[in-house]
Structure formats: C-alpha cells, structure tokens
Amino acid sequence: MQLSGNANNLDLFSDARKWAGISTSDITTLTLAEFVLSANFGLDRVVSMIMRADGTWQWDDTNNTDRQIATSGLKANQPDYSIAITFLKVKKVRIKDSSGNWITLKPIDRRQLSDAQLTADAGDPKYYDKLGNSFVLYPQPSYTSAGGLEIQFQRGASYFVFDDTTKEPGFASQFHRLISLYGSLDYCEQNDLEKRVKKIQNKITAMEAELVEFYSSRDTDQKVGLRTSTEDYGEDSGAGSFEKGFNI
C-alpha cells in the first residue's frame with residue numbers, strides 16, 4: 001500500500017489517522033511529516049525482525065534496483081578497506097588473488113592472531129576481520145587488482161521522504177499496515193490515548209508475529225535439517241588457521 005495521496009484514502013497515512021481516531025480529511029492534527037518520521041522508525045523495526053528471520057532467502061528492500069554486492073579495488077600493501085554504512089550484515093567476502101582467480105576469504109578475529117601473523121609479509125589474502133568501519137585483510141595484498149574486492153551484504157530499508165506518495169514499504173504487502181500502526185501508536189502515546197494505545201499494540205504484536213513466521217518459512221524449496229545454530233552477523237566464532245597453527 002502506498003504511503004499517502006490515494007484519492008480514496010487507501011494509503012498508509014490515512015490508515016494511521018483512522019487508527020488514531022483522526023478524520024482522514026484532517027492533515028494537521030497528525031501531519032504527514034510527523035507520520036513519515038514514525039514510518040521510517042517503523043521500517044527500521046521491521047527490517048530488524050526480517051533479518052533475524054529470513055534464513056537463506058535473504059531479504060532486500062524491493063525499492064532497491066541494484067544487487068546486494070559491492071566491489072572495490074585492491075591496492076598493493078593496503079590491508080584495510082572501508083565498509084559502507086549501509087551494510088547491516090556482511091554475508092561473504094571474495095577477492096581476486098594474484099593470479100586473477102576469485103577466492104572466498106574466511107572471517108577471523110584479529111585477537112586470535114599472533115604478532116608474527118599480524119606483521120606477515122604481503123601476499124595473497126586468505127582471511128578478513130571486521131574492525132570498526134573497515135575490513136582488514138590478512139595477509140595484506142602484495143598486488144593491485146581493479147575491482148578485486150567483492151562484498152556480499154544486507155542493507156537496511158529504503159526510507160520514505162516527505163514528498164513520497166506512491167512509494168510503498170519494501171517488504172511483503174500483507175504486512176504494510178505495520179507502518180500505519182506504528183505511526184498511529186506514536187501519536188496516541190504522545191497524546192495519552194491509552195485505550196487506543198492498547199488496541200494498536202495488540203494489533204502490532206499479532207502482525208509482527210505473522211511477519212516473523214512468514215519470513216522464517218519462505219525457504220520451502222530447501223530441505224529442513226535439524227541443527228543448532230547461532231547468529232554471528234558474518235563473524236565466524238571458530239578458531240582459524242593463518243599459515244600454521246590457526247585451524248579453520
């Protein structure tokens with residue numbers, strides 16, 4: 001459902017006003033700007049839930065037109081490379097080695113490396129660590145490669161702006177109403193409309209549970225196996241091997 005501006009009030013801004021007990025012809029009691037602010041905070045909440053539930057069918061906002069893969073050049077004797085602030089999860093890192101072949105790097109924690117490993121001569125990188133806003137490659141590359149670093153990632157929502165009208169939330173349409181509910185909840189909480197707050201919270205709770213169930217069960221084309229797992233957001237908690245003595 002579109003953000004606002006539908007001639008028959010079939011839009012999220014109108015729905016938010018209905019839940020808040022405001023006439024759909026009244027655009028001053030709850031303004032569009034106030035609603036857009038709440039809508040964008042709501043998008044962040046939805047994205048967080050989806051990313052915890054989406055499994056191997058990785059979600060991306062449908063308003064995006066490019067793939068969730070970024071590339072950069074490798075530079076000789078440069079170990080660290082900036083991470084874009086839009087990267088919420090790093091899924092895979094690949095490089096072109098000195099022979100021009102793509103290889104997948106393995107994630108490590110810098111604290112697990114010895115001083116000798118941290119100061120090893122430049123060569124073909126085999127591992128990477130996420131440190132602050134950078135990837136650090138080990139060993140650092142001994143060569144330059146245009147477009148030789150590839151990062152597969154997941155990003156956040158495509159936010160609404162004030163003059164959006166026909167733009168829709170970039171997740172499954174049956175849950176778009178969450179955005180109008182978040183907007184009406186903010187308004188009702190700010191204005192001490194406790195009876196409405198309770199009703200809206202109950203509706204949100206039920207719909208959020210359905211959202212999580214939907215995104216956690218989309219991989220019906222894959223056989224389900226029973227195993228324990230932990231979410232590491234791209235970090236590998238296991239010890240690895242950098243040259244020798246570091247098993248991966």
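Which residue, of 72, 38, 98, is of a type in the set (Gly, Ala, Ser) and within 30 Å of residue 203 (Cα to Cα)?
Values: 72 fails: within 30 Å of residue 203 (Cα to Cα); 98 fails: within 30 Å of residue 203 (Cα to Cα).
Being of a type in the set (Gly, Ala, Ser) and within 30 Å of residue 203 (Cα to Cα) holds for just one of 72, 38, 98, which is 38.
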Filtered residues of the range 75-99 (kept if under 25 Å from the mean Cα position of the chain (by Cα) and open to solvent by less than 50 Å² (accessible area, probe 1.4 Å)): 81, 83, 84, 87, 89, 90, 93, 95
Of the criteria (1) of a type in the set (Gly, Ala, Ser); (2) in a helix (DSSP H, G or I); (3) in contact with a Pro (Cβ under 9 Å, 6 or more places away or on another chain); (4) surrounded by fewer than 13 Cβ atoms within 10 Å (Cβ to Cβ), which one residue 33 fails: (3)
Boolean, residue 102 is surrounded by fewer than 14 Cβ atoms within 10 Å (Cβ to Cβ) and either modelled with pLDDT of 90 or more or within 30 Å of residue 160 (Cβ to Cβ) (or both): yes
Residue within the range 43-60 that is closer than 20 Å to residue 130 by Cβ, open to solvent by less than 60 Å² (accessible area, probe 1.4 Å), in a strand (DSSP E or B) and in contact with a strand residue (DSSP E or B) (Cβ under 9 Å, 6 or more places away or on another chain) present: no
Matching residues, the range 115-131, being closer than 17 Å to residue 153 by Cβ and surrounded by 14 or more Cβ atoms within 10 Å (Cβ to Cβ): 128, 129, 130
Matching residues in the range 1-30 - criterion: being open to solvent by less than 30 Å² (accessible area, probe 1.4 Å) and over 13 Å from residue 184 (Cβ atoms): 3, 4, 11
Inter-residue pairs, beta-carbon under 7 Å, first more than 17 Å from residue 49 (Cα to Cα) and in the range 76-94, second acidic (Asp, Glu) and surrounded by fewer than 16 Cβ atoms within 10 Å (Cβ to Cβ), 6+ apart: none
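Only one of 112, 68 is surrounded by 12 or more Cβ atoms within 10 Å (Cβ to Cβ), out of contact with any strand residue (DSSP E or B) (no Cβ under 8 Å at 6 or more places or on another chain) and more than 18 Å from residue 143 (Cα to Cα). Can you tell me which? Can you show your working first?
On the way: 68 fails: out of contact with any strand residue (DSSP E or B) (no Cβ under 8 Å at 6 or more places or on another chain).
Sole residue among the options that is surrounded by 12 or more Cβ atoms within 10 Å (Cβ to Cβ), out of contact with any strand residue (DSSP E or B) (no Cβ under 8 Å at 6 or more places or on another chain) and more than 18 Å from residue 143 (Cα to Cα): 112.
In the range 12-25, is there at least one residue being at positive phi and free of Cβ contacts under 8 Å to residues at least 24 places away in the same chain? Even if it seems obvious, please write down each step before you answer.
Step one: list which residues in the range 12-25 are at positive phi, which gives 21.
Filter again for free of Cβ contacts under 8 Å to residues at least 24 places away in the same chain, leaving none.
No, because not a single residue in the range 12-25 is at positive phi and free of Cβ contacts under 8 Å to residues at least 24 places away in the same chain.
The values are calculated or read from the model by the stated rules, or taken from the named source; none is laboratory data. Just so it is clear, the structure is predicted and the values come from calculations on it, not from any experiment. Note that each Cβ is placed from the backbone with ideal geometry, even for glycine, and that neighbours are counted across all protein chains shown. Side chains included, ligands, DNA and RNA excluded: accessible areas come from the protein's heavy atoms. Shrake-Rupley method; radii C 1.70, N 1.55, O 1.52, S 1.80 Å.
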